[in-house]
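All remarks here apply to the structure that follows.
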Amino acid sequence: MKTKLHYFIIALIFGLGVNAQVAGPVTITGTGTGGWNQPGGLVLSSTDGGTIWTASNFEIVGDGNMKFSEGGTWATTGGFTGANTAPFGFPSGTLTINGGNNIVGTLGFWNVTYNAVDKTYSFTPGINPNPVIKVNGGGLAADVQMNTSNGAAYAKKSMYFPGGTASFKESSPITAQWGGPFPDGTGGVTVSGGTIPVTAGAYNVYFTMPSTSAAAEYLFEPVVVSMIGNFTGSGWGTDLDLATTDNIHFTQTSWTPTLAGGSDTEMHLKFRDNHDWTYQYGTGGANGSNNLALTGTAQNGIAGGGGDIYIPWGPTYNVDFDRSTGTWTFTNVLSNASFSNSSFKVYPNPTTNLWNFTSEKNQINSIQVIDVLGKIVLTQTTNSNQATVDASVLNNGVYFAKITSASGVETVKLIKK
């Protein structure tokens, strides 16, 4: 009986071990390997049927954030187990599948081993197996090394150039330089030892190594800058692309955002490059923090992009994002027109008690006071050239007055102290 029990336990352990193997694919996803995609950008391989998975001499890029994926789905993706503090699960740890924290790797070349049975992983230093190509000049403060997975095709996305003469340089294993026209160096126009007159702006940069049958090629592709958030038409899933004429200022004119629905009562969004979270731009503070403002300077996209940008919904905005400085501005179109051209005046503004409205030409039919969430908090019918609104019942903050007269509707910004 003991012998049978002994064999049963051995068979059970063996069966559990077999079941713990992973058919694959096992990949690593995240901005550290090129983006949060499924399956991940780095594919691991197994030679023992799915227990031990490895990859050699791969490059950790961007902000280094990664998770392992066992089957190409988010439900089978996991991060490191433990407190989300330094060293953030690197260079070794244990996964929590369908959970865990982002592993934050050190940039450079690494080898990785993953055990699908006990969910442990480890990264060890690797070597760069490819020629080193850097972008030099163009107003950059220092040379920028490009990324490659095969030593032939190189890329570096979301680069901002102040402008100037640039070139592509190989620094290892040999020294070489390439240049030519801007922005397109394809079709055999590349000049060995040449330079490129780069115009200021944000670009995705691509370079292809020369071969025995073809010259080196390159391309400066304008970055696509967009907004994504909980507004109608996006829902955090679809981007609203901004227009640009100089690859520096990205704009959207006369934009009237509304909430996409659900339980949200506030409008929040971020800017990002190339419809990807690798380079995202928000306001200062932690992700998701409520920083209500109509202008600010974005956090560096590669560092996670800061918190969501919160803006009042209801007004019509002209949007400007300066890609050179990260400054974003939402200008209330109607508010600006009212202050500069309107015959309506409001005083004192800011106020602690009352707002007085006057009109030089038209009678004021009605005034609606709207809070930053778009909710009407006060309504007053006047049919007079003058009106007084009691602000004492309101909380301190920013409001908008929607003034209706025979000539139309105008909006002015109000401040209650």
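The values are calculated or read from the model by the stated rules, or taken from the named source; none is laboratory data. Since we're looking at a predicted model, the values are computed, not measured. Cβ placement follows ideal geometry from the backbone for every residue including glycine, while neighbour counts extend to all protein chains displayed. Surface accessibility is based on the protein's heavy atoms, side chains included, excluding ligands, DNA and RNA. Shrake-Rupley method; radii C 1.70, N 1.55, O 1.52, S 1.80 Å.
Give me the strands (runs of 3 or more DSSP E) completely within the range 352-407, filtered to those with at least 3 residues that are modelled with pLDDT of 85 or more, open to solvent by 40 Å² or more (accessible area, probe 1.4 Å) and not polar (S, T, N, Q), ordered by residue number.
Because the criterion is at least 3 residues that are modelled with pLDDT of 85 or more, open to solvent by 40 Å² or more (accessible area, probe 1.4 Å) and not polar (S, T, N, Q), no strands (runs of 3 or more DSSP E) in the range 352-407 meet it.
Restricting attention to the range 236-258, does a residue exist that is farther than 27 Å from S324 by Cβ, in contact with a strand residue (DSSP E or B) (Cβ under 9 Å, 6 or more places away or on another chain), buried (at least 17 other Cβ atoms within 10 Å of the Cβ) and not small (G, A, S)?
Within the range 236-258, not a single residue is farther than 27 Å from S324 by Cβ, in contact with a strand residue (DSSP E or B) (Cβ under 9 Å, 6 or more places away or on another chain), buried (at least 17 other Cβ atoms within 10 Å of the Cβ) and not small (G, A, S).
Every residue in the range 161-188 that is part of a strand (DSSP E or B) and open to solvent by 60 Å² or more (accessible area, probe 1.4 Å), please.
Applying the first criterion (part of a strand (DSSP E or B)) to the range 161-188 yields 161, 164-172, 176-179, 184.
Residues satisfying the conditions are T165, K169, S171, D184.
Would you say F88 is out of contact with any Ser or Thr (no Cβ under 7 Å at 6 or more places or on another chain) and either at negative phi or in a strand (DSSP E or B) (or both)?
no
Whether any residue in the range 29-42 is farther than 22 Å from N274 by Cβ, in contact with a helix residue (DSSP H, G or I) (Cβ under 9 Å, 6 or more places away or on another chain) and not small (G, A, S) is what I want to check. Before the answer, list the steps.
Residues of the range 29-42 farther than 22 Å from N274 by Cβ: none.
Checked against the condition, which is being farther than 22 Å from N274 by Cβ, in contact with a helix residue (DSSP H, G or I) (Cβ under 9 Å, 6 or more places away or on another chain) and not small (G, A, S), the range 29-42 yields no hits at all.
Can you tell me which residues in the range 192-232 are in a strand (DSSP E or B), of a type in the set (A, V, I, L, M), farther than 30 Å from I311 by Cβ and in contact (Cβ under 8 Å) with a residue 60 or more places away in the chain?
Residues satisfying the conditions are V198, V205.
Residues in the range 33-57 that are in contact with a Phe, Trp or Tyr (Cβ under 7 Å, 6 or more places away or on another chain), surrounded by 19 or more Cβ atoms within 10 Å (Cβ to Cβ) and not in a loop (DSSP other than H, G, I, E, B): how many?
Quick first cut of the range 33-57, residues in contact with a Phe, Trp or Tyr (Cβ under 7 Å, 6 or more places away or on another chain) only: 36, 38, 42, 44-46, 53, 57.
In the following step, the residues that additionally are surrounded by 19 or more Cβ atoms within 10 Å (Cβ to Cβ) were identified as 36, 42, 44, 53.
After this cut, where a residue has to be not in a loop (DSSP other than H, G, I, E, B) as well, the list is 42, 53.
Here the count works out to 2.
Kindly indicate whether any position in the range 83-93 is open to solvent by 40 Å² or more (accessible area, probe 1.4 Å) and under 30 Å from G179 (Cα atoms). Full working, then the answer.
Step one: list which residues in the range 83-93 are open to solvent by 40 Å² or more (accessible area, probe 1.4 Å), which gives 83-88, 91-92.
Filter once more, keeping what is under 30 Å from G179 (Cα atoms): none.
No - not one qualifying residue is present in the range 83-93.
Tell me, yes or no, whether the range 180-191 has at least one residue that is in contact (Cβ under 8 Å) with a residue 60 or more places away in the chain and on the phi < 0 side of the Ramachandran plot.
No - not one qualifying residue is present in the range 180-191.
Would you say T106 is within 30 Å of S69 (Cα to Cα), out of contact with any helix residue (DSSP H, G or I) (no Cβ under 6 Å at 6 or more places or on another chain) and among the hydroxyl-bearing types (S, T, Y)? Steps first, please.
Values: within 30 Å of S69 (Cα to Cα): yes; out of contact with any helix residue (DSSP H, G or I) (no Cβ under 6 Å at 6 or more places or on another chain): yes; among the hydroxyl-bearing types (S, T, Y): yes.
Yes.
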